[in-house]
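The values are calculated or read from the model by the stated rules, or taken from the named source; none is laboratory data. No experiment lies behind these values; they were computed from the predicted model shown. Counting neighbours? That spans all protein chains shown, and the Cβs are built from the backbone with ideal geometry, glycine included. With ligands, DNA and RNA removed, areas are computed over all heavy atoms of the protein, side chains included. Shrake-Rupley method; radii C 1.70, N 1.55, O 1.52, S 1.80 Å.
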Amino acid sequence: MNWLPVALLAVPLLGALLLVVAPNTVRPILPGFGLAVSGVTLAIAVALVVTFDYGRAAQPQFDTDHEWIPGLGIHFHLGIDGISLPLVALTALLTFLCFAYLSWRGGHAPGQLLHPRPGGARPRALVFTLLVLEVGMLGTFLALDLLLFFVFFEIVLIPMYFLIAIWGGAGRRSAAIKFILYTLLGSVVMLLGLLLIWSQTGTLDVLALGRAHGTGMSRAVQVLAFVAVGAGLAVKTPMWPLHTWLPDAHTEAPTVGSVLLAGVLLKMGTYGFARIAIPVLPEGAESVAPWLGAFAVVGIVYGALACLAQRDLKRMIAYSSVGHMGFVLLGFATLTTVGVNGALFANVAHGLITGLLFFLAGAVKERYHTADMRSLGGGMLATLPHLGSVLTFAAIASLGLPGLAGFWGEMLALLGAFQPGDGLPRGLFLTFMVIGGIGAVLTAAYFLVMLSRVTHGLPAAASLIPAVAGGRSHGPPASVAADRDALGVSGRLPAGGRTALPDIHGYELVAWVPLIVLILLLGLWPKLLLSLTTPAVQTLLGAIS
């Protein structure tokens, strides 16, 4: 079964190539083409989950190792262990749900959304972009060679740039440029760190480097390499203060772009800490951990305070990611099994919950033609009871209500800070724990404020009739208009301009229900994920203990 990781990459790659070399063949079936390709990819990911040997979760499985560039000792080396398997499955699932959302959205009938039409926003290019993005995301979680990891890490930047720049909102150009500049600069710094590791050890094999526990590198070299690699990963995570590209990117990206950016791309940065930075550079990790924890808790509080100041729903969710990823980084900084397990759990939980939140933000924006929370008028539970209920569920899951997936990761990260790893200052980490706890309270505050503005209260008249004045619709703002144009939806109101807002559609249930089920499942049965990651985390931390 060692061919499964290769097949996982080959299917979306071949799908993307087919769109280029045989466009006339694909055009008649374009609405379902991306859905079919991502569905096959998801089926392969499910096969990996089913055939994975959970008794050996600490060891890479489905190992595929071939010489790629022999002169430089670079290998095409793929494998999956207990750390990468949940993220591979999450990536395949979210990509499939995005294609399902796209394929069945316009007019609530299959085929209208991505159907080529005069003046349309390049539907074939949209499918191609998403498939190439999927290749890069999956490859990052499968790669077991440092340079191969870097290649896949970089592949995702170009399709995400075009996803924002072409199919985004009114400020898409500046948001896309900020995204590419920040991430490319971070990647350059990370590459220097990877090359430093290579120069000192003579190998790029991630498994060999992990087993060596930093042998061949002095403490000073490890600290320098950890800072360089960590800085590149921190930009993608993103960690405060390297986060400023994120709110604009999320606000301007189309719905599927925001879902994949929050649900998967941010996880590539945190995954790099678990796969490379901590096990390969244990002394560097131990030296930098207090600083990493400090930046993490500042990000937790900063993200929460920024959320309280936001009026735009998508922008608020974007800033919430800064805080949530702060808990992930705090868990890594503790260098304990409990803390790192919490970080990995929070990684997956954030992907599920925030992916759902961005789907919901897109649905709200589509109906109301705005994401401004005060302009929405409140009372959504009265006017759109099903949509309001799902939004409430996602919000309380994100604020960390016990029994839902968002609780366990953040709780374990704080518990890890209570008793950090050997050699780390316990008093300092106790301070981090207290500050993180305050951040958790603030997280609850901004989500409750959001719900009070959007779902509760009496519905204003404007919330029943979107953007209407003088009997005519003004039409959606540029960001919604661009999103709808890319998806083949006109956005016009019926004659007279007055309409009742529709509640949840069937295509939305297809995209949202799997996420809701998984949020409940992981919240009620955390052992499902923790039993998978714990052996791998214990092996990862063996370099430090």
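Points worth noting:
- Nitroxide proxy distance, nm - points 7 Å out along Cα→Cβ at LEU528 and ALA22: 3.8 nm
- For ARG56, net neighbour charge (Lys/Arg +1, Asp/Glu -1) across residues whose Cβ lies under 15 Å away: -3
- Sequentially through region 199-206, phi angles give Karplus couplings (6.51, -1.76, 1.60; θ = phi - 60°) of 5, 8, 10, x, 9, 10, 6, 5 Hz, Gly and Pro residues having no value and appearing as x.
- When Cα extents along the principal axes in Å is computed from the coordinates, the matching label among [x] 75, 56, 40; [y] 73, 70, 44; [z] 87, 56, 48 is [x].
- Under 14 Å, Cβ to Cβ, from LEU384 - net charge with Lys/Arg +1 and Asp/Glu -1: -1
- Region 206-273: relative contact order as a whole-number percent, Cα under 8 Å and 6+ apart: 38 percent
- Relative contact order for the chain, counting Cα pairs under 8 Å that sit 6 or more residues apart, in percent: 17 percent
- Residues whose amide H lies under 5 Å from that of ASP145, counting only those 5 or more places away or on a different chain, are HIS77, VAL206; hydrogens are built 1.01 Å from N in the peptide plane.
- With θ taken as phi - 60° and the Karplus curve 6.51 cos²θ - 1.76 cosθ + 1.60 applied, the whole-hertz 3J(HN,Hα) list for region 66-79 is 9, 4, 10, 10, x, x, 10, x, 9, 10, 8, 10, 10, x Hz, x standing for glycine and proline.
- Once backbone amide H atoms are built at 1.01 Å from N, THR455 has GLY379, MET380 as its partners under 5 Å, excluding neighbours fewer than 5 places away on the same chain.
- Of interest is the spacing of the C-alpha centroids, which for region 505-542 and region 411-462 amounts to 21 Å.
- The helix-based estimate of mean residue ellipticity at 222 nm for the chain, built from -39,500 (n - 2.57) per DSSP H run of four or more residues and divided by its residue count, is -22500 deg cm²/dmol to the nearest 500.
- Pairwise FRET efficiency - LEU192 versus ALA43, Cβ, R0 = 35 Å, nearest 0.05: 0.35
- For ASP372, the residues whose amide H sits under 5 Å from its own are LEU313, ignoring neighbours fewer than 5 places away on the same chain, with H placed 1.01 Å from N.
- Whole-Hz Karplus values for region 372-383 come out as 6, 5, 6, 6, 5, x, x, x, 4, 5, 8, 8 Hz, taken residue by residue from phi with 6.51 cos²θ - 1.76 cosθ + 1.60 and θ = phi - 60°; glycine and proline positions read x.
- Summary value for region 1-83: 32 percent relative contact order, contacts being C-alpha pairs under 8 angstrom separated by 6+ residues.
- Cα gyration tensor shape for region 268-410, rounded if a/c is under 1.5, else prolate or oblate: prolate
- Helix 527-540 axis versus longest C-alpha principal axis of the chain: approximately 40°, rounded to the nearest ten.
- On the beta carbon distance between TRP3 and SER199, with R0 = 30 Å, the FRET formula returns roughly 0.35.
- 0 to 90° range, to nearest 10: angle between helix 146-155 axis and the chain longest Cα axis: 10 degrees
- Shape of region 397-446, Cα gyration tensor, a/c cut at 1.5: oblate
- Largest-first ordering by accessible area, 1.4 Å probe, given options ILE197, ILE396: ILE396, ILE197
- Of ARG315, ARG219, the residue with the largest accessible area leads and the full order is ARG219, ARG315 (1.4 Å probe).
- Nearest 10 degrees, 0 to 90: helix 506-524 Cα axis against the chain principal axis: 40 degrees
- Inter-part distance where region 159-230 and region 50-107 are each reduced to a Cα centre, Å: 20 Å
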